[in-house]
Amino acid sequence: MTWIPLLLLVAVLVWGVTRYNRLVALRERFRNAFAQIDVQLKRRYDLIPNLVETARGYMVHERETLEAVIRARNAAVEADRAAAANPGAPMAMMGLMAAEQSLTGLLGRFFGLAEAYPELRASENMLQLQEELASTENRIAFARQGYNDAVMRYNATRAAVPTNLIATAFGFGRAEFFEVEVEAERAAPRASFD
């Protein structure tokens, strides 16, 4: 009869290790999903200076807008670095979401102003950059969905009883979703020069 408590202890340990390993796997899954977003955001950030440079020659009187787009891009790059260092961390993700919203708004304003320049609308380089940016925006949206799905699974598993005991004991914090807050900014920046 002395082996029953030992078996019970082993069963509890096996259960705890299994739950811990599940949380680790889910955390790594959402971190990997964020890495996919990060790749696309970096591609987007690399396209923006080329876009602004292409437009600079045509949009001489819009210097303030062009500089604002570059400042917003640089702020988004910094916010992305912070989020990439700790994917899912609430403060880092909120900073990235705010920076992305600002950049998206300014890109919308940029494209709205660019429509007033027929030579720019006809530029082959500008058309190619538009196409690449639109493609990248779609990839970001797809990667964001994968990340949010992984975060949802992680958070649900982390909060479920009795796994929440293991999560609390070993410091598995809640992960933050990557969402665009304002409905008008949910769409990719409009880049139509038709």
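The table below lists the values:
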{"read-out": "Filtered residues of segment 124-156 (kept if touching a residue at least 24 places away in the same chain (Cβ under 8 Å) and more than 22 Å from the chain's Cα centre (by Cα))", "value": "125, 126, 127"}
{"read-out": "Hits in segment 69-91 (condition: in contact (Cβ under 8 Å) with a residue 40 or more places away in the chain and either more than 26 Å from residue 175 (Cβ to Cβ) or assigned to a helix (DSSP H, G or I) (or both))", "value": "69, 80, 83, 84, 90"}
{"read-out": "Residues of segment 59-83 satisfying the condition of being surrounded by fewer than 18 Cβ atoms within 10 Å (Cβ to Cβ), farther than 15 Å from residue 107 by Cβ and touching a helix residue (DSSP H, G or I) at 6+ places or on another chain (Cβ under 7 Å)", "value": "82"}
{"read-out": "Answer from 11, 35 - the residue that is within 29 Å of the chain's Cα centre (by Cα) and of a type in the set (A, V, I, L, M)", "value": "35"}
{"read-out": "Filter result for residue 142 (of a type outside the set (Gly, Ala, Ser) and either surrounded by 18 or more Cβ atoms within 10 Å (Cβ to Cβ) or outside any helix (DSSP H, G or I) (or both))", "value": "no"}
{"read-out": "Tabulated pairs, segment 1-16, first within 15 Å of residue 165 (Cβ to Cβ) and in contact (Cβ under 8 Å) with a residue 60 or more places away in the chain, second surrounded by 10 or more Cβ atoms within 10 Å (Cβ to Cβ) and not aromatic (Phe, Trp, Tyr), C-beta under 8 angstrom, 6+ apart or interchain", "value": "16/166"}
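Each value in this text was obtained by applying a stated rule to the coordinates, not by laboratory testing. Values in this document were obtained by computation on a predicted structure and should not be read as measured data. Here the Cβ is made from the backbone with ideal geometry for all residues, glycine too, and neighbour counts use every protein chain on show.
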